[in-house]
Amino acid sequence: MKLLKKITAGTMILATAITANAQEADNTRSMSPSFGVKGGVNFATITGNDFDSPDSRTSFHVGALAEFPVAEIFSVQVEALYSGQGFESDIEGDFFGGDGKVEYQLDYINVPVLAKLYVTKGFSFEVGPQFSFKVNEEIDFNANDNDGDIDLEGSEYEAKDFEFGIAAGLTFQTDMGLFATGRYNYGLTEIIENSDAKNSVFQIGIGYKF
């Protein structure tokens, strides 16, 4: 009986030590930077009195991210994403002139810097500033063809090269590193000189963290 008690006590001590070491290893991993890739769909439009409720442009975003833990439930995440934005509209002699269905393509490299708060395991909210750098701008009167493109470079309607905005959303991540995210981006600065036009983009995406 004494031998059984000693074996039991020894087993419990060993199990406790193994569990403690495993938890310590998990904590070490959770506090290490992680990197990943992501992509998904954009539903983009532009707000402002100069635009008569344009339809959203359906496009995509894709890029990379890095997450830097600060505490057990808090981290900072930085991303670099190619993001297709703009809008679609039936234009009849309004802001850009001309008639017919057009797609205003306004694409950026977006760099959000997000404060990320974990409310439960794998589930987090994020919010922070976003810095956007324009890489493409054109009006397309035939979005499914190479014809009908109008380059706005040098015109009075050319969008600014830089935009400052805010991004907010939520993410659910599995233990395997796969995650799904939903986010809303809103531009705080006007995208075109002397107008109140601002970007408004909903994003739904998936990704993988290494």
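The values are calculated or read from the model by the stated rules, or taken from the named source; none is laboratory data. Keep in mind it's a predicted model, so treat the numbers as computed, not measured. Quick reminder, even Gly has a Cβ in these numbers, built from the backbone with ideal geometry, and neighbours come from all protein chains shown. Heads up: the accessible areas ignore ligands, DNA and RNA and are worked out on the full protein's heavy atoms, side chains in. Shrake-Rupley method; radii C 1.70, N 1.55, O 1.52, S 1.80 Å.
Counting only other residues whose beta carbon sits under 15 Å from that of Ser132, what net charge do I get with K and R as +1, D and E as -1?
Cβ neighbours under 15 Å give a net charge of -2.
Along Cα→Cβ, 7 Å out, is where each label goes; now give me the distance between the ones at Thr58 and Ile206 in nm to one decimal.
1.7 nm
Describe numerically, in nm with one decimal, the distance between label points set 7 Å from Cα along Cα→Cβ at Val127 and at Phe162.
Roughly 2.5 nm, to one decimal.
Just add up the charged neighbours of Gly169: K/R +1, D/E -1, any other residue whose Cβ is under 13 Å from the Cβ of Gly169.
+1
Taking K and R as +1 and D and E as -1, what net charge do the other residues with C-beta under 15 Å from the C-beta of Val76 add up to?
Residues close to Val76 contribute a combined charge of -2.
Output the pairs from Lys38/Lys121; Lys101/Lys198; Lys38/Lys101; Lys160/Lys209 with a Cα-Cα distance over 23 Å in this structure; if there are none, say none.
In this structure, Lys38/Lys101; Lys160/Lys209 exceed 23 Å between Cα atoms.
Could you order Tyr118, Tyr184, Tyr108 so the one with the most accessible surface comes first? Probe is 1.4 Å.
These residues rank, largest area first, as Tyr184, Tyr118, Tyr108.
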